[in-house]
Amino acid sequence: MNLADDVDVLVIGAGPAGALAAAYARRQGLSVRVLERQQFPRFSIGESLLPACMNLLAEAGMVEAVEQFGFQYKNGAQIARGERHVDFEFADKTTDGYSHTFEVTRADFDQLLIREAEKQGAEVHFLEEITAVDFSAQPRVFSQDVQRRKTEHRARFVVDASGFGRVLPRLLDLDAPSDFPVRAALFTHVEDHISDPAYDRNKIRVGIHPQNRQVWYWLIPFSHGRASIGVVASDEFLRLNGADADKRLWEMINQEPGMKRLLGDARQLFPAREIRGYAAKVHRLHGKGFALLGNAGEFLDPVFSSGVTIAMKSAQLAMKLVGRQLAGETIDWDAEYAKPLMLGIDTFRGYVETWYEGGLQDVMFSSVQPPRLRAMMCSVLAGYAWDAQNPYVGHSGRRLRTLAQLVRANGTAAVF
Ligand SMILES: Cc1cc2nc3c(=O)[nH]c(=O)nc-3n(C[C@H](O)[C@H](O)[C@H](O)COP(=O)(O)OP(=O)(O)OC[C@H]3O[C@@H](n4cnc5c(N)ncnc54)[C@H](O)[C@@H]3O)c2cc1C
């Protein structure tokens with residue numbers, strides 16, 4: 001077993017949470033090692049960013065690199081049901097900060113961010129998989145490379161940014177049952193060949209299935225005429241059309257008139273892939289010598305594209321505390337990390353729950369929406385889910401359910 005040099009911070013995983021954690025640590029003068037089990041660039045799902053990410057990227061010194069890469073510009077979201085659609089413009093938001101962002105091929109985006117962290121002095125090792133940890137005294141992390149050579153790493157603090165790899169939740173038995181039912185996503189990339197002049201490439205399009213409002217579709221345009229397309233539904237629903245993933249995906253796409261029309265000339269770029277049961281939760285987000293970031297902590301649902309924003313926000317909150325702790329301060333991780341992070345996660349939870357219940361869809365499609373209400377919703381849809389000034393932040397579910405009941409009972413005009 002090799003023994004690596006000691007570091008201040010050891011980061012597990014080089015996705016967005018890991019790359020930003022590394023940069024935030026370096027900007028406080030801490031030594032950082034990132035261990036990533038895959039070779040980059042590598043495919044990842046999660047391609048539609050929210051504007052709130054841009055503020056976090058700016059704080060990590062990475063926003064210029066992202067702006068200059070040539071990713072597809074994004075300024076809002078379009079929600080489509082049957083012949084109707086509502087467009088949310090991020091510029092209408094109430095919270096200060098960026099009102100644009102990008103749709104990104106994650107292979108490029110994640111590679112860019114970790115290279116930026118490296119430029120800031122983070123030590124990054126690919127093809128090093130974490131296999132064991134020991135937090136009984138000084139944190140120790142054990143990795144293995146592709147030749148099965150083992151290395152022991154000693155650090156003053158460990159952050160788990162391993163995403164769906166869920167390294168510390170597995171090794172330390174931190175997993176808790178998710179609040180959400182098991183759903184699945186089928187997806188691929190296409191050369192989209194969309195010729196409809198009314199189609200707005202600057203927005204993600206979220207389409208709702210005409211008969212089953214719990215089923216929805218994403219159309220995420222990339223630059224260079226490509227797009228990511230996918231459908232999310234219960235496992236049973238997605239399996240109605242047999243075993244062949246490509247056939248099932250296109251059968252589903254053809255059931256939503258807007259997707260069918262827009263993608264009539266699309267050319268598929270790789271066989272459809274499927275992910276199921278991705279919702280995840282933990283008993284606690286921290287412990288002696290470690291914190292869980294991004295998807296290694298909680299993952300709700302992809303419908304509002306909140307995953308990368310939550311991953312980056314968790315890195316920002318945690319690394320400030322790590323810096324202070326390593327400088328000798330005693331930190332109350334519950335009060336200063338878990339609670340503030342959960343404010344935004346619970347905000348999105350309320351949106352996700354009421355989306356699948358149907359109430360949020362009714363509110364979004366109600367015929368009259370006062371500009372103030374729409375602006376507050378836009379703020380959350382733009383990722384500003386930690387803005388406590390916004391009444392639709394925090395326990396948003398209660399508020400959205402009340403609004404939905406009023407819309408259903410009275411018709412919109414009477415409600416507002
Ligand atoms: C169907 C679907 C659609 C989605 N769409 C969106 C979207 O449009 N927008 C959005 O913001 N989010 C979306 N998400 C969520 C998004 O994919 C994640 O929230 C985001 O990637 C989390 O970032 P992360 O840095 O926490 O983890 P990841 O990006 O998963 O990075 C974790 C890294 O850790 C590495 N790793 C894992 N195990 C180990 C180990 N043992 N040792 C070393 N390294 C390890 C992995 O190889 C990986 O590179 C979607 C999710 C799903 C399931």
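Observations, loosely collected:
- Ala77 fulfils the conditions (1) assigned to a loop (DSSP other than H, G, I, E, B); (2) hydrophobic (A, V, I, L, M, F, W, C); (3) not assigned by TED's automatic domain parsing to the domain that holds Glu129 except for a single criterion, (1).
- If you filter the stretch 306-335 down to residues that are surrounded by fewer than 21 Cβ atoms within 10 Å (Cβ to Cβ) and small (Gly, Ala, Ser), you find that the one that is farthest from the ligand (Cβ to nearest atom) is Gly328.
- Check on Leu326, aliphatic (A, V, I, L, M) and without any contact (Cβ under 8 Å) to a residue 60 or more places away in the chain: no
- Exactly one residue out of Gly163, Gly207 is within 28 Å of Gln325 (Cβ to Cβ) and within 20 Å of the chain's Cα centre (by Cα): that is Gly163.
- The set of residues in the stretch 280-305 that are small (Gly, Ala, Ser), near the ligand (Cβ under 9 Å from one of its atoms) and either within 30 Å of Asn254 (Cβ to Cβ) or not in a loop (DSSP other than H, G, I, E, B) (or both) comprises Gly294, Ala296, Ser305.
- Answer residue from the stretch 224-247, given it is surrounded by 12 or more Cβ atoms within 10 Å (Cβ to Cβ), away from the ligand (no atom under 16 Å from the Cβ) and not basic (Lys, Arg) and is farthest from Gln72 (Cα to Cα) among those: Asn241
- Of the candidates Asp175, Asp196, the single residue that is touching a strand residue (DSSP E or B) at 6+ places or on another chain (Cβ under 7 Å) and closer than 30 Å to Ala272 by Cα is Asp175.
- Candidate set: the stretch 143-170, residues that are surrounded by fewer than 17 Cβ atoms within 10 Å (Cβ to Cβ) and within 21 Å of Arg284 (Cα to Cα); chosen: the one nearest to the ligand (Cβ to nearest atom): Phe164
- Long-range neighbours under 9 Å by Cβ, at least six apart or interchain, first residue farther than 13 Å from Val11 by Cβ within the stretch 158-174, second within 10 Å of the ligand (Cβ to nearest atom) and in a helix (DSSP H, G or I): Phe164/Asn295; Phe164/Ala296; Arg166/Asn295; Arg166/Ala296; Pro169/Ala296; Leu174/Leu168
- Among the residues examined, Lys339 qualifies as away from the ligand (no atom under 12 Å from the Cβ), farther than 23 Å from Arg156 by Cα, open to solvent by 30 Å² or more (accessible area, probe 1.4 Å) and free of Cβ contacts under 8 Å to residues at least 40 places away in the same chain.
- Residues being open to solvent by 10 Å² or more (accessible area, probe 1.4 Å) and in contact (Cβ under 8 Å) with a residue 60 or more places away in the chain - total across the stretch 18-30: 5
- If only residues of the stretch 221-254 that are touching a strand residue (DSSP E or B) at 6+ places or on another chain (Cβ under 9 Å), assigned to a loop (DSSP other than H, G, I, E, B) and at pLDDT 95 or above are counted, the one that is nearest to Ile194 (Cα to Cα) is Gly225.
The values are calculated or read from the model by the stated rules, or taken from the named source; none is laboratory data. Since this is a predicted model, take the numbers as computed values, not measurements. So basically every Cβ, Gly included, is an ideal-geometry build from the backbone, and we count neighbours across all protein chains shown. For the accessible areas, the whole protein counts, side chains as well, though only heavy atoms, and no ligand, DNA or RNA atoms are used. Shrake-Rupley method; radii C 1.70, N 1.55, O 1.52, S 1.80 Å.
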